[in-house]
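These notes concern the structure reproduced below.
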Amino acid sequence: MKTTAIARWAPFSSLKEGTERYFFREGFELQLGMCRVFLFSAVLLSAINQIALFNAFGWPSDWLRAHVEYNPFGILILFGKSPPNWLIDASAVVAPIAGILAVIGFLTRPAMIVATISTIILVCVREGIAPYWSHGYNLIFYCALPFMFSRAGASLSIDRAIWKRRPSWSHGRPVAPGEASWPVVAGLVAACAFFYGAFWAKLYWGGPIAWWDSDNMRFSLAVTWLGYDVQNIPWYVETMWSSPFLYKAAGLFHLFLQAAPIAALFSLRRPYARLVEGVFYSMSTLGLGFIMGLWQYHWLFIGCFFIDWDYFRARFAGAVPPSTESSDLKLVAYRRLIIVGLALFLGAIHVMFLLQIRRGTVALYPLSALDFYASVRAETPYDEHRGYHDYRCEYALRYPTCEAVGLPDEGTPAASKPLGRGDFSCSGGEVRLRHFNIDFASYCWRAGSPEALRTLLGKALDLTGYLPQAATRRMPWRYSAPMPRAMPIAISLRQQRIEYPAYPAAPDPIIRQEGLKAILASDGTMKAVTGRIIRDDETKKLALKLDVAGLSSPELTVEYKSRVMSASQDQPSRAAPGRWRGTTFLLDEDAIDKPAYLTVKVREKDGAVHEFYDVAWWF
């Protein structure tokens, strides 16, 4: 029986021994200190980035109250629908202090724990108000979560200097043999898993060939530089999206750079190979900045994990004997605890890869599905050059005349003009805010009721700085010219379908169809039409269920355009076949060529005509 039991557990013993050999290695004393300095410099920078954003409103709790809605995110899910003000305000105070202490190495372990957790809280507050969330800080936390439990104060720290004078100061006590390596190796595993996760997501969602051997990179560049924000486009980006060879080669090279760093996990005793893999990591990070405009400066600090600091110090400055203690029973128990923790950490990373099939999961932040830019932004067949269609929202402030705000009346509908080449346009007293606060613009997807739209437009109007109570705020909107300082009579929100033209035409986005979602007047009155496509229980066919607000006895007409992905975009709208049942329009879907989108044309008693459109009405 005993022999059978030993044989049964042999694989687990081998796994345990292999884990110990991999994570607990001789040396790494200098690497432990250097990685702590760089890693927690990145954590500190991440905290400062959040606090700088919050400062526009005062305390983080003030900033949170000023936004449209808050969705519990990451660790803050534990506190219900809204985190306590004292927690997020206290995090803003302690995060930079703890970050500085962790960098200089004073009370190192508690400082690392407090800096990591408080910074995660601040990031969760910021990401919780966005309609989608970013991967900009995941990488830092991936590395910090295992590292913060290490005895990193034993190297390059004030704690170490204190210990030399006062041996009772345990924060700077030398590490035992093999104890310095596990946090460095765990951080390297985390960094490589992050990048490989992004690579794997592109294979999962886009396919190993279609993601790069299509017009995906061309339209990804166009959406980034022209669709999201007003930016000065570098010449090399315009050159790249004008050449199929260049943008396809860039896509393939990007996949290589995201996959290559994983090789560092097999090069822990090959310092030059590990360094080269770190160069690939840095090239990928810099490429996101130069090519995609996604600058993640703090990611560069994580490159420290790819450098064998102990080897290069011995190689170029002479060998330095490590400062270690002898192994003892306490260390054996400590190693067992660490192995359990590492097993949980590696299991969580495995879950991260499984999360690729559940996009938008936020409960386990910072562990997440790394699906940013993973889908193919191109239309089939991929071996042909075709245009790409996307959706966005746009705000407009309404004035009696354009002259009231000192802008010329362009006399043509702003919707017919390309996006991304200017900040303002005015037509008939309406000033388009084409890139006003991307978070607010994106929230229109969630505003599915008149009440939600009233809240959205009211806060958007407040944040423009036009209302008296908002006049003292200094918001970092990305405009190259000052916004007109006059009181509008209304603010409106439109939803738009945008086309990025096919190669060889320039990919300047053109609004091909748009419609109102709501108009909020300065006196508080609002006109809105919201709705959703449903499957009617009686007819078993598609139906458009509408919710009309602020419109007095309107005349409603449902129109449609079909085959818009291949036919001319200038085709006229046609009356949708079907019948009304109350505020629900029952569609005769068999008489409509799909794909198609619907608009609702509203004619009021005074003769005013509005056209409402929602991306949810696409089928």
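Below are the figures for this structure:
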{"item": "Contact order relative to length of region 51-178, as percent, for alpha carbon pairs under 8 angstrom and 6 or more apart", "result": "23 percent"}
{"item": "Distance in nm between pseudo-label sites at A521 and A263 (7 Å out along the Cβ direction from Cα)", "result": "6.8 nm"}
{"item": "Within-12-Å neighbourhood charge of T539 [Cβ basis; K, R +1; D, E -1]", "result": "-1"}
{"item": "Most to least accessible of E604, E538 (protein chains only, probe 1.4 Å)", "result": "E538, E604"}
{"item": "Computed accessible area, E403, all protein chains, 1.4 angstrom probe, square angstrom", "result": "130 Å²"}
{"item": "Modelled FRET efficiency - R0 35 Å, I113 with M487, Cβ distances, 0.05 increments", "result": "0.10"}
{"item": "Accessible area of region 26-151 belonging to carbon and sulfur atoms, whole % at 1.4 Å probe", "result": "73 percent"}
{"item": "Ordering of 238-244, 492-498 by packing [mean C-beta count within 10 Å, highest first]", "result": "492-498, 238-244"}
{"item": "Where labels lie 7 Å past Cα in the beta-carbon direction, separation of V279 and Y297 in nm", "result": "2.5 nm"}
{"item": "Net lengthening on full extension, Y204/R165 (0.36 nm per residue, minus Cα-Cα)", "result": "8.5 nm"}
{"item": "Projected label distance in nm at N71 and D409, using a 7 Å step from Cα toward the beta-carbon", "result": "4.2 nm"}
{"item": "In Å², nearest 10: area of I48 left accessible to a 1.4 Å probe", "result": "80 Å²"}
{"item": "Full-extension gain in nm, E559 to A506, via 0.36 nm per residue minus C-alpha separation", "result": "16.0 nm"}
{"item": "Theoretical gain in end-to-end length, R315 to L286 [0.36 nm per residue, Cα-Cα removed]", "result": "7.6 nm"}
{"item": "Per-peptide average of other Cβ atoms within 10 Å, ordering 262-272, 189-199 highest first", "result": "189-199, 262-272"}
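The values are calculated or read from the model by the stated rules, or taken from the named source; none is laboratory data. Keep in mind it's a predicted model, so treat the numbers as computed, not measured. For neighbour counting, all protein chains shown are included, and Cβ atoms are generated from backbone atoms with ideal geometry for every residue, glycine included. The area values use the complete protein model at the heavy-atom level, side chains included, leaving out ligands, DNA and RNA. Shrake-Rupley method; radii C 1.70, N 1.55, O 1.52, S 1.80 Å.
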